[in-house]
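Trainee: Handing you a structure now.
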């Protein structure tokens, strides 16, 4: 019986993952479509050839000052091919309760955020967005697989769209390990 339950859970977890043709030569991570903070559809395939840092963010969290390092990384590396995508999430002690407009005003006013911000998503539980279902299923170093543990968990995608690293929320965006992962992927052409 448990094998049947496991099979059903696996099928439902991965059923929403889009397939990618061989011609696209990209990983499923860039095959998703998400919504921007402005309410527009964003096809992640547009980031093929870029190094992408995906981060679930929140405005009222002890880790919120990480926005400063995220923006600093973006400014330093965007001309070399880095894109940071912020995904607001209100699942951790309701630390992102704001509307899209309030989130935008906070991020730009307090931290001068210029990297792309997406609409609020759920990263855990029954309402998990499809992108995060995919990301959480991957066994990545140094953090591994499984649920997102808190705000500001980071996923690094290489230029080929492959997810190459996952960092815990407490690992700062400008930590040597995160910078090393980003720079290693930026060096690949």
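Trainee: When 1/r is averaged over all different Cα pairs and the result inverted, which Kirkwood radius in Å belongs to the range 68-160?
Mentor: 14.5 Å
Trainee: Right, another one. Among 106, 155, 115, determine the one that fluctuates most according to a GNM of the chain built with springs between C-alpha atoms less than 10 Å apart.
Mentor: Highest fluctuation of the listed residues: 106.
Trainee: Which FRET efficiency value, to the nearest 0.05, do you get for residue 108 and residue 149 by plugging their Cβ-Cβ distance into 1/(1 + (r/R0)^6) with R0 = 30 Å? If you can, show how the numbers build up before the last one.
Mentor: Numbers: r = 27 Å, r/R0 = 0.91.
For R0 = 30 Å, the calculated efficiency reads 0.65.
Trainee: Could you calculate the FRET efficiency of residue 78 with residue 126 from 1/(1 + (r/R0)^6), where r is the beta carbon distance between them and R0 is 25 Å, rounded to 0.05? Walk me through the intermediate numbers first.
Mentor: Numbers: r = 35 Å, r/R0 = 1.41.
In this case the efficiency is close to 0.10.
Trainee: Could I get the Rg over Rh figure for the chain? Both from C-alpha atoms, Rh via Kirkwood, rounded to two places. Don't jump to the answer; show the numbers that get you there.
Mentor: Details: Rg = 16.1 Å, Rh = 16.9 Å.
Dividing the radius of gyration by the Kirkwood radius yields 0.95.
Trainee: Explain nothing, just the number: relative contact order of the range 2-187, from Cα pairs under 8 Å at least 6 residues apart, as a whole percent. List each step's numbers first, then the result.
Mentor: Details: 331 pairs, mean separation 48.7, N = 186.
Across the range 2-187, relative contact order equals 26 percent.
Trainee: Moving on. What does the extension gain come out to for residue 99 and residue 68, with contour length at 0.36 nm per residue minus their alpha carbon separation? Provide the component values of the computation, followed by the final result.
Mentor: Values: separation 31, 0.36 × 31 = 11.16 nm, distance 2.10 nm.
Full-extension gain reported as 9.1 nm.
Trainee: Okay, next question. For the chain, what is the mean residue ellipticity at 222 nm derived from helices alone (per DSSP H run of n ≥ 4: -39500 (n - 2.57); sum divided by total residues; nearest 500 deg cm²/dmol)?
Mentor: For the chain, the value works out to -9000 deg cm²/dmol.
Trainee: Could you give the length gained on full extension between residue 184 and residue 170, defined as 0.36 nm per residue of separation minus the Cα-Cα distance, in nm? Show your work: numbers first, answer last.
Mentor: Working: separation 14, 0.36 × 14 = 5.04 nm, distance 2.13 nm.
Difference between extended and current length: 2.9 nm.
Here, each number is a calculation from the coordinates, and none is a lab measurement. The model shown is predicted, which means the values in this text are computed figures rather than measured ones. When we count neighbours, we look across all protein chains shown, and the Cβ atoms used for this are built from the backbone with ideal geometry, even at glycine.
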